[in-house]
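The values are calculated or read from the model by the stated rules, or taken from the named source; none is laboratory data. Here the structure is a predicted model, which is why all the values come from computation and not from measurement. Here Cβ is always computed from backbone atoms with ideal geometry, including for glycine, and neighbour counts include all displayed protein chains.
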Amino acid sequence: MITVQQAEKLILENSCDYGNEIVLFDQALGRVLAEQIKADRDLPPFNRVTMDGIAVKYEAVANGIKNFKIKATQAAGDVPVEVDADDECIEIMTGAALPYSVDTVIRYEDIEIQNGTATLINNGISKGQNLHLKGSDKQQGEVILNPGQLITPQVISLGASVGETELRVKRIPRVVILSSGDELVEVSDVPSPYQIRRSNSYMLQAILSQHGITGAIRHIPDDEAIIKQQLGLCLQHYDVMLLSGGISMGKFDYIPQALKDLRVEQVFHKVQQRPGKPFWFGKHENGAVVFAFPGNPVASFMCTHRYFVPWLNASLGLQPRQPMYAILAHDFKFEPALEYYLQVKLHYNKEGQLMAMPLAGNGSGDFANLAETDAFLELPLDKTEFKKGEVYKTWPFNA
Ligand SMILES: Nc1nc2c(c(=O)[nH]1)N[C@H]1C(S)=C(S)[C@@H](COP(=O)(O)OP(=O)(O)OC[C@H]3O[C@@H](n4cnc5c(N)ncnc54)[C@H](O)[C@@H]3O)O[C@H]1N2
Ligand code: MOO
Ligand SMILES: [Mg+2]
């Protein structure tokens with residue numbers, strides 16, 4: 001049985017690059033950028049006026065001029081209109097390009113306009129006020145986005161502003177979710193008193209869609225031949241297989257042997273953790289990667305977040321996020337020599353500290369408890385007593 005850290009290392013060593021593809025910039029949300037984007041112009045591209053009012057020479061105001069003849073009105077997007085005399089001004093709108101002959105913008109709230117003349121009614125005018133200067137955000141040619149950047153609405157805005165109508169992004173792996181177990185029936189079925197609905201598949205599919213992946217769902221019965229046939233088929237048509245169930249010590253846990261027969265190399269089986277101890281991970285010679293999660297719903301859920309999501313992020317070249325830590329809000333005891341992923345509810349206290357309230361629930365079959373919690377708190381296997389106030393790594397799963 002290997003440790004969590006060894007499992008994590010082995011999984012990340014088996015991350016894969018699925019190449020790149022071009023998508024329209026407004027279809028790229030949630031994808032990972034695979035190219036460097038540079039500013040095609042300065043940002044802002046001109047001295048941008050930030051308030052509606054009049055544009056004047058500051059020197060004229062400093063010399064005591066208070067009345068300015070309005071020469072013209074300039075809207076955002078208009079060619080700038082220059083003033084000739086010191087007592088002239090331009091009515092100018094937010095977003096307009098400041099003319100060269102003026103250097104200060106005074107808001108409408110600070111002037112009165114009568115018969116084509118603007119009169120200052122407030123003092124405290126400072127030189128260059130109400131301007132967003134050309135190139136003060138980014139310079140032309142400057143790198144503004146790097147490969148590995150998650151494409152968020154803000155990134156789309158930045159890419160759009162520099163005219164990137166198409167973006168090169170990482171290709172997403174094809175993923176299939178497979179459940180196994182004759183006790184499992186479809187969600188729409190009425191289970192017998194001894195059957196349950198196969199909820200794991202939809203949970204896994206939902207986690208995939210949170211990461212921009214549409215996962216196919218298949219169910220395989222506890223029949224060795226069918227399992228081999230189905231797994232063999234998926235190995236040919238998918239890059240990643242997420243299995244849940246059938247990998248522990250049971251007589252009907254056929255998955256590990258089936259994968260072996262199909263020449264999926266076992267990278268490891270069983271991890272010193274709870275939940276998820278029977279976790280199996282392997283890779284086929286054709287490159288297909290297999291995560292075989294234990295059937296207990298909390299085990300499948302935890303292993304997907306703890307191992308599959310970091311594997312996916314590494315495969316997509318996503319810049320790794322900083323680990324998160326939280327403070328244990330109550331004492332907690334866990335005897336077995338296993339790394340324990342304690343379900344917790346997170347909240348920030350008024351000191352701005354992230355507090356983790358233990359909600360252990362009834363073990364890894366208790367998926368109802370998951371609905372109440374926000375994260376797993378990673379309690380190391382070399383301790384059994386965990387004291388209130390101690391800090392531990394946390395694995396949040398609520399976006
Ligand atoms: N003698 C031992 N027995 C077990 C051990 C062990 O070390 N020694 N490990 C236990 C642990 S820990 C776990 S976790 C489970 C994992 O077993 P499997 O991966 O073989 O999972 P199954 O037996 O198929 O199912 C476990 C449990 O989860 C339910 N399940 C399965 N698939 C789904 C699904 N798609 N949706 C909802 N629920 C699902 C299934 O009905 C079982 O109740 O093994 C322990 N046993
Ligand atoms: O490994 Mo399990 O503890 O039942 O999920
Ligand atoms: Mg089993």
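Observations, loosely collected:
- Number of the exception - Lys127 against (1) buried (at least 16 other Cβ atoms within 10 Å of the Cβ); (2) among the basic types (Lys, Arg); (3) in a loop (DSSP other than H, G, I, E, B); (4) touching a helix residue (DSSP H, G or I) at 6+ places or on another chain (Cβ under 7 Å): (1)
- Cβ-Cβ distances below 9 Å connect the following pairs, each with a first residue in the stretch 266-277 that is over 16 Å from Asp382 (Cα atoms) and in a strand (DSSP E or B), a second residue that is modelled with pLDDT of 95 or more and within 13 Å of ligand 3 (Cβ to nearest atom), and a separation of six or more residues or different chains: Gln266/Trp280; Val267/Trp280; Phe268/Phe279; Phe268/Trp280; His269/Pro278; His269/Phe279; His269/Trp280; His269/Ala292.
- Any hit, the stretch 11-18, residues being small (Gly, Ala, Ser), touching a strand residue (DSSP E or B) at 6+ places or on another chain (Cβ under 6 Å) and within 30 Å of Gly212 (Cα to Cα): no
- One residue alone among Ser201, Ser209 is surrounded by 14 or more Cβ atoms within 10 Å (Cβ to Cβ) and of a type in the set (Ser, Thr, Tyr), and that residue is Ser201.
- For the stretch 349-369, the criterion of being within 16 Å of ligand 2 (Cβ to nearest atom), more than 28 Å from Gln6 (Cα to Cα) and either free of Cβ contacts under 8 Å to residues at least 40 places away in the same chain or surrounded by 16 or more Cβ atoms within 10 Å (Cβ to Cβ) (or both) is met by at least one residue.
For every residue, the table says whether it meets (1) within 26 Å of Cys16 (Cα to Cα); (2) in a strand (DSSP E or B); (3) within 16 Å of ligand 1 (Cβ to nearest atom).
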| position | (1), (2), (3) |
| --- | --- |
| Leu235 | yes, no, no |
| Phe252 | no, no, yes |
| Asn286 | yes, no, no |
| Gly295 | yes, no, yes |
| Arg306 | yes, no, yes |
| Pro320 | yes, no, no |
| Gln343 | no, yes, yes |
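- Qualifying residue in the stretch 214-229 (condition: among the small types (Gly, Ala, Ser), closer than 29 Å to Lys170 by Cβ, crowded, with 17+ Cβ neighbours inside 10 Å and away from ligand 3 (no atom under 13 Å from the Cβ)): yes
- Within the stretch 6-63, considering residues that are among the basic types (Lys, Arg) and more than 30 Å from Val290 (Cβ to Cβ), the one farthest from the chain's Cα centre (by Cα): Lys57
- Complete set of residues in the stretch 44-71 that are part of a loop (DSSP other than H, G, I, E, B) and in contact with a His (Cβ under 7 Å, 6 or more places away or on another chain): Pro44, Thr50
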